[in-house]
Amino acid sequence: MGNESKLALCILTSIIIMISLRNLHKSFGSKHVLQGIDLEIPNGQITCIIGKSGCGKSVLLKHIVGLLTQDKGEVLIDDKSVAQMTKQELFDVRRNIGYVFQGAALFDSLTVYENVIIGLYEHGERNLELLDSEARRVLAAVGLLPDISENRQNDS
């Protein structure tokens, strides 16, 4: 028998972490709201933050989008520190992350569809095809876009 060569094939799969919170701390006076929070959110993952009133959900979200600065720890988006981002970089982050806060989270005078696109519209986007496709993408991602083919079959 001759020398046999073996081919080893390694497939590396990695999860790209889009948002990373490391040892995040935030206090307001003597009230410690966030104490050592660690969280990693992979790219493309839909994440919901839930908890009791006053536990720090909104404070956490405000750190992610750069509306608040942490006392200790770090917030990274795509491996870049939010605290060190320029205004333009923060604007870009906010355009790419959907977030709502409690209390008047949606405009009750608008449809869900309109609420989805209002942020883009307010930031100057006027391409109706792009607004429509983005609204449909977002609504489908959270299961709120009805399947039109089902409705057509039911009408027959």
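Regarding GLY73, is this residue on the phi > 0 side of the Ramachandran plot and part of a loop (DSSP other than H, G, I, E, B)? Against the criterion (on the phi > 0 side of the Ramachandran plot and part of a loop (DSSP other than H, G, I, E, B)), GLY73 does not qualify. Please go through the range 23-67 and give me each residue that is small (Gly, Ala, Ser) and modelled with pLDDT of 85 or more, ordered by number. Once the filter is applied, which keeps residues that are small (Gly, Ala, Ser) and modelled with pLDDT of 85 or more, the range 23-67 yields SER27, GLY29, SER30, GLY36, GLY56, SER58, GLY66.
The values are calculated or read from the model by the stated rules, or taken from the named source; none is laboratory data. None of these values were measured; they are calculated from a predicted model.
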